[in-house]
Amino acid sequence: VLLLPVIAGRYDAPVTETLRIEVLDVGQGLSVLLRTADRALLYDAGPRFASGFDAGMAVVAPHLARTGVARLDAVVISHADVDHAGGVDAVKRTLPVLATYGPGDCAARSWRWGEVSFELGTGRGPSRNDRSCVLLVDTGLQRVLLPGDIERDAELDLLQRVDVSADVLLAPHHGSGTSSSVPFLNRVQPRLAIVSAGYR
């Protein structure tokens, strides 16, 4: 499996859009690659299990190689749960990472890559899920919200502090019933919601 990218060759398609977003299939977990014309950001790197399966090595790193990503300008680890952070070490062993943001290091950061702006913040609430790093990406024409695993308490708190309206929403906490509260969805009003969840 690890030799497959070498055998199949690289799919080195240049990014012609302002922003390309790829939600990788890592099963019950999360990994999202965001690319501009010359930069790349990875939001989470999928799970690593005691059985030995590591989505960072089996899914994320091969995808990065296949698509011609030679370095990651930023990695954002939403929180420390193994289904989000488990694959990060494997990814970091395969290519350079210029900046890493994670739990406790996400509050009130913003930057621009060309036409695309990134706002990084953190949820607030009693659980580790609630304190996920939240990323809002704005191309000027569309907004994308990646809220990690925040649950209702953090969603309601976020509504008091941030304009969360977005065209694309990565459903919080894998579409769990503890998240995606009605007030939150009414404020976000996404045209597209993506749920990253495992089989069954």
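Numbers below:
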quantity: Spans of strands (runs of 3 or more DSSP E) in the stretch 112-200 with at least 3 residues open to solvent by less than 50 Å² (accessible area, probe 1.4 Å); calculated: 116-122, 133-138, 143-146, 168-170
quantity: Unique match (being open to solvent by less than 60 Å² (accessible area, probe 1.4 Å), within 17 Å of Thr100 (Cβ to Cβ) and within 13 Å of the chain's Cα centre (by Cα)) among Asp81, Asp44, Asp73; calculated: Asp44
quantity: Conditions (1) open to solvent by 50 Å² or more (accessible area, probe 1.4 Å); (2) under 17 Å from the mean Cα position of the chain (by Cα); number of the one not met by Pro96; calculated: (2)
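To keep it simple, each residue is scored yes or no on (1) within 23 Å of His174 (Cβ to Cβ); (2) at pLDDT 95 or above.
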{"residue": "Ala58", "(1), (2)": "yes, yes"}
{"residue": "Val75", "(1), (2)": "yes, yes"}
{"residue": "His79", "(1), (2)": "yes, no"}
{"residue": "Asp89", "(1), (2)": "yes, yes"}
{"residue": "Leu98", "(1), (2)": "no, yes"}
{"residue": "Pro103", "(1), (2)": "yes, no"}
{"residue": "Ala107", "(1), (2)": "no, no"}
{"residue": "Arg112", "(1), (2)": "no, yes"}
{"residue": "Ser117", "(1), (2)": "no, yes"}
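The values are calculated or read from the model by the stated rules, or taken from the named source; none is laboratory data. Computed from a predicted model, the values in this text were never measured in an experiment. Counting neighbours? That spans all protein chains shown, and the Cβs are built from the backbone with ideal geometry, glycine included. Just the protein is used for accessible areas: all its heavy atoms, side chains included, with ligands, DNA and RNA removed. Shrake-Rupley method; radii C 1.70, N 1.55, O 1.52, S 1.80 Å.
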